[in-house]
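To keep things clear, I will list the structure first and then write my remarks on it.
The values are calculated or read from the model by the stated rules, or taken from the named source; none is laboratory data. Predicted model, so just to flag it, every value in this text is computed and none were measured. Don't worry about glycine lacking a Cβ; one is built from the backbone with ideal geometry, like all the others, and counts go over all protein chains shown. Accessible surface is based on the protein model in full, side chains and every heavy atom, while ligands, DNA and RNA are left aside. Shrake-Rupley method; radii C 1.70, N 1.55, O 1.52, S 1.80 Å.
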Amino acid sequence: MNQRLAAIAWLSLSGLLGGATAMASPATEVDKYLAGLSSWSADFKQTIDDGQGKVLRSAAGKFYLQRPGKFRWDYSEPSEQLVLADGKQIWFYDKDLSQANVRDMDATLASTPAMLLSGTGSVSDQFDIKALPDDGGLRWFQLIPKRSDTDFQLVRIGFDKDGELVSMFLADKLNQITQLAFTHPIKNPKFIPDLFTFSPPPGVDVIGRDSK
């Protein structure tokens with residue numbers, strides 16, 4: 001799985017934050033995680049393996065979420081990259097390559113976990129959700145897309161005893177596994193107004209910009 005595809009999937013699922021309700025159904029519990037959440041930030045470490053445990057890539061940085069529809073991945077390791085959604089478009093910027101790719105946030109994302117960023121509707125409308133056994137001191141949920149035209153087989157999200165999102169697991173259709181570990185989370189922080197805007201620096205090659 002390339003970093004762009006993974007970023008759309010995992011970061012969007014970061015909207016699933018909050019506390020659990022003991023007797024609720026898994027779908028109801030996941031929906032409740034969205035309630036009362038307007039923004040979130042955390043440090044992250046990411047690994048992608050081949051499904052057999054061999055690490056193909058690793059990265060680290062900072063993640064920011066602003067509902068509805070905005071998120072920002074600031075990659076600091078192994079190189080400086082940016083994945084940013086401003087509510088209308090998604091930007092992928094690689095500083096070393098001096099290249100930016102932009103695409104619309106439209107119906108093409110409806111079949112991915114990115115729909116969780118919309119802040120409207122029920123998660124269970126798009127995913128089959130079930131609770132998994134606790135593992136590693138975390139409470140786990142599994143989400144499987146109801147649509148067959150997605151690039152993901154399943155997503156698992158893990159919460160600690162305080163109800164904080166601390167781990168994510170995503171399997172794509174190539175059987176590659178992406179894992180994320182979140183630390184230092186902050187719920188509902190206030191962000192600077194332009195945090196979720198991006199203007200390509202001078203000289204950057206932009207791919208996908210509307211030529212009109």
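Filter segment 86-104 down to the residues that are of a type in the set (Lys, Arg) and modelled with pLDDT under 90 and list them by number. Working first, answer last.
Applying the first criterion (of a type in the set (Lys, Arg)) to segment 86-104 yields 88, 95, 103.
Residues satisfying the conditions are LYS88, ARG103.
Any chance you could count how many residues in segment 144-159 are open to solvent by 20 Å² or more (accessible area, probe 1.4 Å) and under 21 Å from PHE182 (Cα atoms)?
2
For segment 56-82, give me each residue that is in contact with a helix residue (DSSP H, G or I) (Cβ under 9 Å, 6 or more places away or on another chain) and charged (D, E, K, R).
Result: ARG57, ARG67, LYS70, ARG72.
Name the residues in segment 62-104 that are without any contact (Cβ under 8 Å) to a residue 60 or more places away in the chain, within 14 Å of SER199 (Cα to Cα) and in a strand (DSSP E or B), would you?
GLN89, ASP94
How many residues are in a strand (DSSP E or B) and open to solvent by less than 50 Å² (accessible area, probe 1.4 Å) when one looks only at segment 48-61? Walk me through it before giving the result.
Within segment 48-61, the first condition is being in a strand (DSSP E or B), and the residues that meet it are 48-49, 55-61.
Next cut, open to solvent by less than 50 Å² (accessible area, probe 1.4 Å) only: 48-49, 59-61.
Number of matching residues: 5.
Can you name the condition, by its number, that PHE141 falls short on among (1) at pLDDT 85 or above; (2) surrounded by fewer than 19 Cβ atoms within 10 Å (Cβ to Cβ)?
Tallying (1) at pLDDT 85 or above; (2) surrounded by fewer than 19 Cβ atoms within 10 Å (Cβ to Cβ), PHE141 fails exactly one: (2).
Can you tell me how many residues in segment 105-130 are in a strand (DSSP E or B) and either more than 22 Å from TRP40 (Cβ to Cβ) or at pLDDT 90 or above (or both)? Let's see the steps before the verdict.
Initially, segment 105-130 is screened for residues in a strand (DSSP E or B), giving 127-130.
Subset that is either more than 22 Å from TRP40 (Cβ to Cβ) or at pLDDT 90 or above (or both): 128, 130.
Number satisfying all stated conditions: 2.
One line per residue, one yes/no per condition, for (1) modelled with pLDDT under 85; (2) closer than 28 Å to VAL206 by Cα; (3) in contact with a helix residue (DSSP H, G or I) (Cβ under 6 Å, 6 or more places away or on another chain):
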residue: ALA9; (1), (2), (3): yes, yes, yes
residue: SER12; (1), (2), (3): yes, yes, yes
residue: ALA22; (1), (2), (3): yes, no, no
residue: ALA42; (1), (2), (3): no, no, no
residue: LEU84; (1), (2), (3): no, yes, no
